[in-house]
Structures are given as C-alpha cells and as structure tokens.
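J.: Can you read through this structure? Questions will come right after.
The values are calculated or read from the model by the stated rules, or taken from the named source; none is laboratory data. Computed from a predicted model, the values in this text were never measured in an experiment. Neighbour counts run over all protein chains shown; Cβ positions are idealised from the backbone, glycine included.
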Amino acid sequence: MEFVPTFQHMFGLGLPVLEKILRPILIYVFLIIGLRLAGKRELAQLNPFDLVVLLTLSNTVQNAIIGEDTSVIGGLIGATTLLLVNWLMVRSVHRSRWVNNLLGSKTDHLIQHGKINLALLKREDISNDELTEAAHKQGFTKLDEIEEATLDPNGNFFFVARPNSLAEKRQHELLTRLDQVTKEMTALRAEMARLNRGEKL
C-alpha cells in the first residue's frame, strides 16, 4: 500500500525539531533588523521598487525557513514558532522602552508648523515628490496646505491641514456646490418655461 509512505512523507519530519524552531527565529530577527535599518520607506511602499522588495522577501527566505523539510508537521512547527516569536516581540515593544528605542519604533515628524524637516526626509530617504504623492492620496494638492505630517513606525503617513487652507478648501467646495445648484435651477426654470409654452400652444 502507498498510504504508509505518503503518510510518512506528509507528517515525518525531515529536519530535527530544534532546527525547525531555530530557522524561523533567525530569519524573523534578521528581517526585523533589516527592515528597521532599511527605514520606514520600505513599509510605506512609496514606489514600485519598495513593493517588489517586500513581495520577493518572502520567497527569498522561504527555503532558509523550511530547509529541505516540506512535511505538514514541519510547517506547523515553523508557523507556530513565527507566531510565538512575533507575539513575544510585540509584547516586548509595548512593555519595554529600551526595546522600543532599539527597534526605532517612534514617529517621525516630517513637517512641523508647515515647515518641512529636510534632514529627516534625507535620513528616511524620502524625496519631496514622494512626500507630495503621499499627501495627494489623502486629499492634499500640495505640501503648502499641510501643517503637520508624520510617518509612523509601521510606514503610515498622517497629514494635518493648515487651518486656513482647510477653510479655503471647504469654501471652494461650498462655492462649487452652489454653482452646481444654480445651474440646475436655471435648467429647471428653462424646462418649466418650455413646458408652459407647449401647454399654451
């Protein structure tokens, strides 16, 4: 019967359990350190190149994690190890300021009081065009409209509009809507006048 060899292939470990545990831990630690050293822009995915790097990382380290073992048990051990290490890391970051500072888990203030922090942009390897593009995704047309801009440790941008620019934007939207209503009213009056002429005829 071929059932027994198949069963052994699916559930029989091809590597020692200790090695199956150590492999994902080493890769996890390496990726955490590597992504922190690469900067928050990799997580922000500011251009297609950043996205390609993140997509190919998983394939690149796959063999290093599983080795030559493709068994179900081996996969479960590796997945459980990754989940456990990630849980411990998250708890450590939340509870230990030292770990938090070591991993660089702090928010960067790219724009403060309407002034761009060029030194910080250079350190994070973010160009003005990339920052402007990120602002466009949140409804801003130019950086002059922004009072505060931050980059979170997870790669998310957060923008705060200048009070005057926000008021101007709302005023522009209101005027646009009033203009649209006026055009609709004019068209409605013209239609009513046409109907009245038709009734008289």
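J.: List the number of the failed condition for R170; all other conditions in (1) loosely packed, with under 15 Cβ neighbours inside 10 Å; (2) closer than 22 Å to L35 by Cα; (3) of a type in the set (D, E, K, R) hold.
T.: (2)
J.: Based on what the data block shows, is L174 under 18 Å from the mean Cα position of the chain (by Cα) and at pLDDT below 90?
T.: no
J.: If you don't mind, another one. If the Cβ limit is 8 Å and pairs must be 6+ apart or interchain, which residue in region 23-40 that is of a type in the set (A, V, I, L, M, F, W, C) pairs with which residue that is not in a helix (DSSP H, G or I)?
T.: I32/L103
J.: Among all residue pairs at least 6 apart or on different chains, which show Cβ distances below 9 Å where the first residue, located in region 84-99, is more than 13 Å from V29 (Cα to Cα) and in contact (Cβ under 8 Å) with a residue 12 or more places away in the chain and the second is of a type in the set (A, V, I, L, M) and assigned to a helix (DSSP H, G or I)?
T.: Between residues of region 84-99 that are more than 13 Å from V29 (Cα to Cα) and in contact (Cβ under 8 Å) with a residue 12 or more places away in the chain and residues that are of a type in the set (A, V, I, L, M) and assigned to a helix (DSSP H, G or I), the close pairs are V93/V99.
J.: Moving to a separate point now. Among the residues of region 46-98, write down those that are in contact with a Lys or Arg (Cβ under 7 Å, 6 or more places away or on another chain) and under 26 Å from E19 (Cα atoms).
T.: A64, I65, G67, D69, G74, I77, G78
J.: Condition (residue is surrounded by fewer than 16 Cβ atoms within 10 Å (Cβ to Cβ), without any contact (Cβ under 8 Å) to a residue 60 or more places away in the chain, more than 23 Å from R36 (Cβ to Cβ) and of a type in the set (S, T, N, Q)) applied to region 119-128: is it met by at least one residue?
T.: yes
J.: Which of the residues belonging to region 47-74 are in contact with a helix residue (DSSP H, G or I) (Cβ under 9 Å, 6 or more places away or on another chain) and among the small types (G, A, S)?
T.: A64, G67, S71, G74
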